[in-house]
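Remarks on the structure that follows.
Bear in mind these aren't lab numbers, they're just calculated from the coordinates by the rules spelled out. Bear in mind that the values here come from a model prediction, so they are computed numbers and not experimental data. Methodologically, a virtual Cβ is constructed for each residue, glycine included, from the backbone with ideal geometry; neighbour enumeration extends over all protein chains shown.
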Amino acid sequence: MSNPGPLDPHPPLAERVVTERLTIRRWDIDDAPALHDAVTRNVEHLRPWMPWIKFEPLTIDERASLIKDWNRSWSEGNDIVYGVFLDTTVIGGTGLHRRIGVGGLEIGYWLDQDHCGQGFATELTAGLTTAAFAEPGIERVEIHHDRANVRSAGIPERLGYVRMREEAREIDTPGEEGLTVVWQMLPGAWADR
């Protein structure tokens, strides 16, 4: 099978990843109230780092509409936006994003403030890294975060990602300093760790 070219459609990414403690799965319309509750109780916790928080508050119906859009995009072979579940409780969100070019996927993540510092972000990132490299044509996985977000930096560092560079960009959120740190993992390095 050949790697998809820049204009070729991609197959949909894995819709579920299970780790030791977590289920990471594509959001379902029925999850809209739980997603709403998780985001609402974490608005101030997320405000320093998540550009999308500026659109809050959203209604449950608006969240359901977002989930429909995310799932349509996923079915067309684009990004996938996942919920992170501890048993049946939403403790965050994550995704695999195709925005870094052919052969690459970027992992993004956020966690409920009451679940930080317990290894969940590292666990979900490890699970998504493994899932990403199981996809046809994926040659690199990246994590991008603002340099000021020191807590986020610990995740790729713990997992053995290589810090590649810093890129200047516009500040989108109040916690940022405008320098994005780019971390990268290659399949051979992931398999050898």
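Only residues of segment 100-134 count here: report those whose backbone N is under 13 Å from the spot 7 Å along Cα→Cβ of residue 86, or say none. Inside the label zone: 111-124. Note on the chain: GNM, Cα springs under 10 Å; of 88, 23, 129, the largest mean-square fluctuation is that of 88. Charge dipole of the chain (Cα centre as origin; +1 on each Lys and Arg Cβ, -1 on each Asp and Glu Cβ, all else neutral): 340 debye, rounded to the nearest 20. Distance between the 7 Å Cα→Cβ label points at residue 163 and residue 52: 2.8 nm. Structural descriptor for segment 16-192: relative contact order 20 percent, calculated from alpha carbon pairs under 8 angstrom and at least 6 residues apart.
Of the residues 171, 40, 124, the one whose Cα sits farthest toward the positive end of the charge dipole of the chain, with +1 on the Cβ of Lys and Arg and -1 on the Cβ of Asp and Glu, is 124.
Counting 0.36 nm for each residue step from residue 44 to residue 18 and taking away their Cα separation leaves a gain of 6.5 nm.
Let's test the formula: R0 of 25 Å, r as the Cβ-Cβ distance of residue 72 and residue 30. What FRET efficiency results, to the nearest 0.05? It would help to have the intermediate numbers written out before the result.
Numbers: r = 17 Å, r/R0 = 0.67.
With a Förster radius of 25 Å, E is 0.90.
Each helix, a run of at least 4 DSSP H residues, gives -39500 (n - 2.57); summed and divided by the residues of the chain, these come to -9000 deg cm²/dmol at 222 nm. Amide H contacts of residue 164: 182, 183, 184, each under 5 Å away and 5 or more positions distant or on a separate chain (H built 1.01 Å from N in the peptide plane; Pro and chain starts excluded).
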